[in-house]
Amino acid sequence: MIDFKRQKILVQDSANQYSETLVEFDRSSVKRTWKKNQSYQIDLTATNDGSLAYSLLRNENSLLVGGQEYLIKQVKPDLKGYSNQVEITANHVYYESRRIWQYNKRAGTITYSIQDILHYFFDNNPYGFTWEVIGNFSKVQIENLGNTSALDALNTCVEKFNCVIYPDNKHIRIYARDAWQKQVDKSYLYGYNTTTFSCSWDTTSIQNVAMCYGKQKDGEENQYYFPPFLAKNTTSIQRWGERPGAEISDERFTDQNAMNTYALSTMQADPVTTMSLTYEGDDQVLPGEVWYLRVEPEQFDTDVEVTSITDYPFAPDHRPEVELDNSIRTLLDEDVAQERAIKTAIKDNQAAAKQIKQTSEKAAQAYDSRFIGDLYGAEPKLKARAVAPTLPGYILKVPADNPDLGLKKGQQFYAATAVDYVAGLAEFVDGKIPEAPSYDLATPTKDGLMSKADKIKLDKLKTEPLTSLQMKDAVNGSIYMITVENGEIRIKKGE
């Protein structure tokens, strides 16, 4: 871990006559940025305290931070009321290699090793720059080398040899890719020690097709050990289509298969992959380290290389921002993650479709099971006095078969009712139905359910079969007694 208490900024003039520690500066403004083969600088804001250190904050003077030297390139005074401040941007001293200029030019296309180029530009330079090559490189062909700066030559090395440049002050280290990366037992775990994460791919520089030229036969112009051919990366072509690019020519090769293998290794056949995150953990992040990355929400996990670090050496609470890269490996892992995500989405969609279908079926069933009806009184046989003229009445029926109710489509039915459930019934019959009277039994001397006179008459009635029957003459009013004797009807005048 960085010991922030011991960190300090030393300001030094270009002639190395004066140096002093900077005291008055905004600690949260000190931002150090390194990006592989692209940038290496420091930014800060200082306050005028009348010190020598503040007065030395001028262009081309140096800042010494964390053991590295940076040359001030941009000075921007910022005056606010009584507060005088200055914003500083300083580049790593490595970029001063641009002051080394090789005026000579080697005409023609020549095969070089990386050491050949570095010797050609840096030997006997007056600025104290040294270099070191770490790892193994193949030779490449370069046309008209020279008449440019040593910094341009280093950029040519990055392009031609696919190397990584990481300086230690004026000592420039040039790494082969396999020598640069350092596998470490550290992890970025999204949601645990990583709070933000983003990922992008740049397909701009993809090349998967190149015309290849090997060694020419001695004394025979345009005659090669093998004819020029197109090298093609079929895997990349299947994914991205054909992306032709600059030809590849190398006098080292007299075998076509060897030349093809070399050409495929030098082409940028896949997108440049860049990821960025904010690291909240305690482990120090260093250039070239390969960490394990897991982003569970995206089902994404892989090993990634640290390719850019923006940290704040004097503000320990401000966590470093890290960029990562793993090119082909990352791309393949992302493909797997995307395929997994697609399968999960399809599965979820299928489940949702099934649920929607079931819901739709239930809704259709519920719709078919609804009640419809005919207006009560619409048919002559159904006419009746309206109880509540403002409210229409209906006879219910079903629009489809309803097995729950045992009804067929269109069948009418009536709902069971009770007095308490019929709206307005109590008010309608109130006072219109009299109470039933109560009666005692009638006797020959007392009225009851009938009058006493009727009771006497009733008692006189004889029950069948009768032995005689009295009848009155309709003309003279005489009384006759009708009897049956020995099977013969006899009529006698009564008294």
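For Glu289, the residues whose amide H sits under 5 Å from its own are Lys182, Val306, ignoring neighbours fewer than 5 places away on the same chain, with H placed 1.01 Å from N. Pairs exceeding 29 Å between alpha-carbon atoms, taken from Lys139/Lys217; Lys139/Lys170; Lys446/Lys492: Lys446/Lys492.
Per-residue 3J(HN,Hα) values for the stretch 171-186, derived from phi via the Karplus relation 6.51 cos²θ - 1.76 cosθ + 1.60 with θ = phi - 60°, read 8, 9, 9, 10, 9, 6, 4, 6, 7, 6, 6, 10, 6, 10, 8, 9 Hz in sequence order (x marks Gly and Pro).
Overall, the accessible surface of the stretch 149-223 at a probe of 1.4 angstrom is composed of carbon and sulfur to the extent of 41 percent. Each peptide among 259-268, 231-240 gets the average number of other Cβ atoms lying within 10 Å of its residues, and from highest to lowest they stand as 259-268, 231-240.
Under the classification rounded if a/c is under 1.5, otherwise prolate if a/b is larger than b/c and oblate if not, where does the stretch 78-209 fall, given a ≥ b ≥ c as square roots of the Cα gyration tensor eigenvalues? Verdict is oblate for the stretch 78-209.
How much length would be gained if the chain were fully extended between Asp454 and Ser149, taking 0.36 nm per residue of separation minus their Cα-Cα distance, in nm to one decimal? Please report the intermediate quantities before stating the final value.
Values: separation 305, 0.36 × 305 = 109.80 nm, distance 14.82 nm.
Between Asp454 and Ser149, full extension yields an extra 95.0 nm.
Remark on Phe253: its backbone amide H falls under 5 Å from those of Lys215, a criterion applied only to residues 5 or more positions apart or on other chains, H modelled at 1.01 Å from N. Using the 1.4 Å probe convention, the accessible area of the stretch 82-221 works out to 53 Å² per residue with neighbouring protein chains retained. If R0 is taken as 45 Å, the Cβ-Cβ distance between Arg239 and Asn124 corresponds to a FRET efficiency of 0.40. Share of carbon and sulfur in the accessible area of the stretch 1-123 stands at 45%, probe radius 1.4 Å.
The values are calculated or read from the model by the stated rules, or taken from the named source; none is laboratory data. Keep in mind the model is a prediction, meaning the values are calculated, not measured. Counting neighbours? That spans all protein chains shown, and the Cβs are built from the backbone with ideal geometry, glycine included. Side chains included, ligands, DNA and RNA excluded: accessible areas come from the protein's heavy atoms. Shrake-Rupley method; radii C 1.70, N 1.55, O 1.52, S 1.80 Å.
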